[in-house]
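Student: I'd like to ask you about the structure that follows.
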Amino acid sequence: MAGERKESYSYRNGTVHLAGPEIKVGDKAPAFTALKQDFSETGLDAFTGKPTVFAAVPSLDTGVCDAETKRFNDEAAKFGDQVNFVTVSCDLPFAQKRWCGMTNVDKVKILADHRDHAFGQAYGVYVKETGFLWRAVFVVDKNGVVRYTEYVPEMGQHPNYEAILAAVNKLM
């Protein structure tokens, strides 16, 4: 498992530490593997060639994750096939599929990182204390270079949607 970072983040009146590197603007996007809703494996290579928004969330069955993913689904519809929007959680693929069906989310690609936490460790969002992913967003350009990062300071906080969309628009 990747090393633990020194900084801590607020979670339920306590603190947690994130495993893996802190991804910074200008870094090459780390490779990863995760599962699609049909349990087939995918990774970074599936999203190269166009800008991609990777949103790490703890669980689609929580209020902020639900609202965030629906918001990104709406934004994905506006961009059409010009931008990939990907949400990654540790929810099981069949739970993700159920949630997408119940919420009509069909533009965001939803990936599961429950098996080996490869995405969480590669992007520095795996929380050892909970087994969840920390809420964070990464905008990667068509060449696989990270152009925006945001690790939210508190688990229940929304990311800065306007800054994320501004970063995407700069890549268009």
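Readers should treat all values here as calculations from the given coordinates under stated rules, not as data from a laboratory. A quick note: this is a predicted structure, and the numbers were derived from the prediction, not measured. Heads up, the Cβs are rebuilt from the backbone with ideal geometry, glycines too, and the neighbour counts pull from every protein chain shown.
Student: Which of the lysines could a cross-linker span from LYS70 if the Cα-Cα distance has to be under 17 Å and same-chain partners fewer than 8 positions apart are dropped?
Tutor: Hits, sequence-local ones excluded: LYS78, LYS97, LYS107, LYS109.
Student: Also, I was wondering about something else. Can you give me the relative contact order of segment 29-152 as a percent, contacts being Cα pairs under 8 Å and 6 or more apart?
Tutor: Rounded, it is 34 percent for segment 29-152.
Student: Distance between the C-alpha centers of segment 64-96 and segment 107-164? Whole Å please.
Tutor: Centre-to-centre (Cα) distance: 12 Å.
Student: Along Cα→Cβ, 7 Å out, is where each label goes; now give me the distance between the ones at LYS78 and VAL145 in nm to one decimal.
Tutor: Result for the modelled spin labels: 2.6 nm.
Student: Please report the antiparallel percentage of the DSSP beta bridges confined to segment 1-155, to the nearest 5.
Tutor: Values: 23 of 33 bridges.
So the antiparallel bridges amount to about 70 percent of the total.
Student: What is the fewest-to-most order of HIS114, HIS158 by other Cβ atoms lying within 10 Å of their Cβ?
Tutor: Neighbour counts put them in this order, fewest first: HIS158, HIS114.
Student: Let's test this: bin the Cα-Cα distances of the chain at 10 Å from zero up to the farthest pair and state each bin's percent.
Tutor: Per 10 Å bin, starting at zero, the Cα-Cα P(r) for the chain comes out as 11, 43, 39, 8, 0 percent.
Student: On average over all directions, what projected area in square nanometres does segment 61-142 have, based on the convex hull of its Cα atoms?
Tutor: 5.6
Student: Pairs of Cα atoms under 8 Å, at least six residues apart: use those to get the relative contact order of segment 78-140, whole percent.
Tutor: On the way: 58 pairs, mean separation 20.3, N = 63.
Normalised by residue count, the contact order of segment 78-140 is 32 percent.
Student: Taking neighbour counts of Cβ atoms within 10 Å as a proxy for exposure, in what order, fewest first, do GLU41, GLU68, GLU22 appear?
Tutor: Going from sparsest to densest Cβ surroundings: GLU41, GLU22, GLU68.
Student: Given springs between every Cα pair under 10 Å in a Gaussian network model of the chain, which of GLY14, GLY156, GLY43 has the largest fluctuation?
Tutor: Judging by the Gaussian network model, the answer is GLY14.
Student: Same structure again: Based on other C-beta atoms within 10 Å, arrange SER40, SER59 from fewest to most.
Tutor: SER40, SER59
Student: How big is segment 109-163 along each principal axis, measuring the range of its Cα positions in Å and listing the largest first?
Tutor: On the principal axes, segment 109-163 reaches 30, 26, 19 Å in Cα extent.
Student: Mind running the shape call on segment 39-82? Use the C-alpha gyration tensor, a ≥ b ≥ c as the square roots of the eigenvalues: rounded below 1.5 for a/c, prolate if a/b tops b/c, oblate otherwise.
Tutor: oblate
Student: What is the calculated FRET efficiency for LYS50 to GLU129, with r their C-beta to C-beta distance and R₀ = 25 Å, to the nearest 0.05?
Tutor: Approximately 0.10, to the nearest 0.05.
Student: If each of LYS70 and THR15 carries a label point 7 Å out from its Cα toward its Cβ, how far apart are those two points in nm?
Tutor: My value for the distance between the label points is 3.5 nm.
Student: Now for a separate question. Taking the simple approach of a point 7 Å from Cα along Cα-to-Cβ for both ARG115 and LYS24, what is their distance in nm?
Tutor: Going by the 7 Å Cα→Cβ label model, 3.3 nm.
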